[in-house]
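A.B. asks: What follows is a structure written as structure tokens; I'll ask about it next.
The values are calculated or read from the model by the stated rules, or taken from the named source; none is laboratory data. None of these values were measured; they are calculated from a predicted model. Neighbour counts are summed over all protein chains in view; Cβ atoms, including those assigned to glycine, are modelled from backbone coordinates with ideal geometry.
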Amino acid sequence: MKHLLKMGDLSRKEITDILNLADQLKYEHAHHIPHPMLAGKSLGLIFQKASTRTRVSFEVGMYQLGGEALFLSARDLQIGRGEPVQDTARVLSRYLDGIMIRTFAQKEVEDLAKYGSVPVINGLTDYCHPCQVLADLMTVREYKGKLDDLKLCYIGDGNNMANSLIVGGLTVGMKVAAACPEGYRPAVLNEIPADAPFTLTESVEEAAADADVLVTDVWASMGQEEEAAVRKKAFAGYQINDTVLKAARSDALVLHCLPAHRGEEITDEVFEAHAAEIFDEAENRLHAQKAVMVQLMADETKRTL
């Protein structure tokens, strides 16, 4: 594992190693055990899309690992004024030990990794969101004790979250169902093996039947604000509510990557009833990302796995 560009780049063993290390780091953090595995290391954080969880979790994570994070907005970099990404990659590689980028185009992330010489972490693109899904899988394993043979149901837009959840869930041995309206299907469909335990449907209740985990996301993601009215009509009914919970298993988890638009993709009542796992999921961004940074950036002698 040289980079984290998308979930499809990770093997089942690599995901398991990340989750095991994340569990260890979370335990050590809770018990005030220092783990300066990245002492003296610097991570550049390139943000072309704003964020709450991504920025805070990466900055705090690097601090807890003994390293330093540099926040770099598009307006702070020459890349925001037209410098080719391959030039930015080669320059930043001379200064930094790693780069996290949160942007629009997946190609920009891929090009940073291609032309740079340090590890690149995808903090989000329009195509995928691997850091979030690693945190999701970590949370599911915490609550359920396993990932094998659980049914994961995603409801809503076939967006970056759907793409990464489908690929990540199938990779770790889960059964995956997605309920998406026509015209909003996930882009990864052609990457899924024909014999994979995956179901795509327009029926929310069919997808949610006997699900162990229910996941949703906003109907209009960042950059799609102008489509909000159209999307609100298209996604009417694609909501996690009491009816959907009745279709799932009685002990089903409910996850949301946040921010949530209560009353749209999830009801306020369901959100509050499952707030414990949703905010554990949010916290786990910190621990999962720390594990990724250690795996990619730590000296071999400082890795625990």
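A.B. asks: Might you check whether a residue that is closer than 16 Å to Gly168 by Cα and of a type in the set (Asp, Glu) occurs anywhere in segment 183-191?
C.D. replies: Within segment 183-191, the subset closer than 16 Å to Gly168 by Cα is 186-191.
Those left that are additionally of a type in the set (Asp, Glu): 191.
Scanning segment 183-191, I find at least one residue that is closer than 16 Å to Gly168 by Cα and of a type in the set (Asp, Glu), so the answer is yes.
A.B. asks: Could you tell me which of the residues Leu45, Leu38, Leu72 is touching a Leu at 6+ places or on another chain (Cβ under 9 Å), more than 26 Å from Asn159 (Cβ to Cβ), of a type in the set (A, V, I, L, M) and outside the structural domain of Thr171 (by TED's automatic domain parsing)?
C.D. replies: Numbers: Leu45 fails: more than 26 Å from Asn159 (Cβ to Cβ); Leu72 fails: more than 26 Å from Asn159 (Cβ to Cβ).
Answer to the check: Leu38.
A.B. asks: If only one of Asn163, Asn122 is within 14 Å of the chain's Cα centre (by Cα) and either over 26 Å from Met297 (Cβ atoms) or part of a strand (DSSP E or B) (or both), which one is it?
C.D. replies: Answer to the selection: Asn122.
A.B. asks: Look through segment 260-272, keep the residues that are in a helix (DSSP H, G or I) and surrounded by 14 or more Cβ atoms within 10 Å (Cβ to Cβ), and return whichever of them is farthest from the chain's Cα centre (by Cα). Steps first, please.
C.D. replies: In the first step, residues of segment 260-272 are kept if they are in a helix (DSSP H, G or I); the result is 268-272.
Subset that is surrounded by 14 or more Cβ atoms within 10 Å (Cβ to Cβ): 270-271.
Details: Val270: 22, Phe271: 19 Å.
So, considering only residues that are in a helix (DSSP H, G or I) and surrounded by 14 or more Cβ atoms within 10 Å (Cβ to Cβ), the one farthest from the chain's Cα centre (by Cα) is Val270.
A.B. asks: Same structure, new question: Could you check Val254 against (1) exposed (fewer than 14 other Cβ atoms within 10 Å of the Cβ); (2) in contact with a Leu (Cβ under 7 Å, 6 or more places away or on another chain) and say which number it fails?
C.D. replies: Failing condition for Val254: (1).
A.B. asks: Filter segment 221-240 down to the residues that are under 23 Å from the mean Cα position of the chain (by Cα) and in contact (Cβ under 8 Å) with a residue 24 or more places away in the chain and list them by number.
C.D. replies: Ser221, Met222, Gly223, Arg231, Phe235, Tyr238, Gln239, Ile240, listed by residue number.
A.B. asks: State the number of residues belonging to segment 187-214 that are within 20 Å of Leu4 (Cα to Cα) and buried (at least 18 other Cβ atoms within 10 Å of the Cβ). Full working, then the answer.
C.D. replies: Filtering segment 187-214 for residues within 20 Å of Leu4 (Cα to Cα) gives 187-188, 191-192.
If we keep only those that are buried (at least 18 other Cβ atoms within 10 Å of the Cβ) too, we end up with 188.
Total meeting the criteria: 1.
A.B. asks: Condition first: at pLDDT 95 or above, crowded, with 24+ Cβ neighbours inside 10 Å, touching a strand residue (DSSP E or B) at 6+ places or on another chain (Cβ under 6 Å) and closer than 16 Å to Val218 by Cα. Can you find one or more residues in segment 137-152 that meet it?
C.D. replies: no
A.B. asks: Mind checking which residues of segment 60-90 are assigned to a helix (DSSP H, G or I) and surrounded by 17 or more Cβ atoms within 10 Å (Cβ to Cβ)?
C.D. replies: From segment 60-90, those assigned to a helix (DSSP H, G or I) are 60-64, 74-76, 78-81, 85-90; that's our starting set.
Across segment 60-90, the qualifying residues are Gly61, Met62, Gln64, Ile79, Val85, Thr88, Ala89.
A.B. asks: Separate question: Is it the case that segment 100-108 has a residue that's free of Cβ contacts under 8 Å to residues at least 12 places away in the same chain, within 19 Å of Ala291 (Cβ to Cβ) and out of contact with any Asp or Glu (no Cβ under 9 Å at 6 or more places or on another chain)? If you could, list the steps in order and put the result at the bottom.
C.D. replies: Within segment 100-108, the first condition is being free of Cβ contacts under 8 Å to residues at least 12 places away in the same chain, and the residues that meet it are 107.
Then keep just the ones that are within 19 Å of Ala291 (Cβ to Cβ); that gives none.
No.
A.B. asks: Also, quick follow-up: For segment 107-119, name all the residues that are out of contact with any strand residue (DSSP E or B) (no Cβ under 8 Å at 6 or more places or on another chain) and assigned to a helix (DSSP H, G or I). Working first, answer last.
C.D. replies: As a first pass, look at segment 107-119 and keep what is out of contact with any strand residue (DSSP E or B) (no Cβ under 8 Å at 6 or more places or on another chain): 107, 110-111, 114-115, 117.
Selection gives Lys107, Glu110, Asp111, Lys114, Tyr115.
A.B. asks: Being under 23 Å from Ser117 (Cβ atoms), outside any strand (DSSP E or B), out of contact with any helix residue (DSSP H, G or I) (no Cβ under 8 Å at 6 or more places or on another chain) and touching a residue at least 12 places away in the same chain (Cβ under 8 Å), is that true of even one residue in segment 49-57? Can you show your working first?
C.D. replies: We begin by selecting, within segment 49-57, every residue under 23 Å from Ser117 (Cβ atoms); these are none.
There is no residue in segment 49-57 that is under 23 Å from Ser117 (Cβ atoms), outside any strand (DSSP E or B), out of contact with any helix residue (DSSP H, G or I) (no Cβ under 8 Å at 6 or more places or on another chain) and touching a residue at least 12 places away in the same chain (Cβ under 8 Å).
A.B. asks: Quick one: would you say Ala236 is in a helix (DSSP H, G or I) and in the same structural domain as Thr201 (by TED's automatic domain parsing)? Reasoning before the result, please.
C.D. replies: Details: in a helix (DSSP H, G or I): no; in the same structural domain as Thr201 (by TED's automatic domain parsing): yes.
No, not satisfied.
A.B. asks: Do any residues in segment 169-198 that are farther than 18 Å from Asp136 by Cβ and at pLDDT 95 or above have Cβ atoms under 6 Å from those of residues that are crowded, with 20+ Cβ neighbours inside 10 Å and of a type in the set (D, E, K, R), where the two are at least six apart or on different chains, and which pairs are they?
C.D. replies: Pairs found: Tyr184/Asp157.
A.B. asks: Same structure again: Out of Arg231, Arg285, which single residue is surrounded by 19 or more Cβ atoms within 10 Å (Cβ to Cβ), part of a helix (DSSP H, G or I) and out of contact with any helix residue (DSSP H, G or I) (no Cβ under 7 Å at 6 or more places or on another chain)?
C.D. replies: Arg231
A.B. asks: Out of Leu258, Leu245, which single residue is of a type outside the set (Gly, Ala, Ser) and free of Cβ contacts under 8 Å to residues at least 40 places away in the same chain?
C.D. replies: Details: Leu258 fails: free of Cβ contacts under 8 Å to residues at least 40 places away in the same chain.
Matching residue, one of Leu258, Leu245: Leu245.
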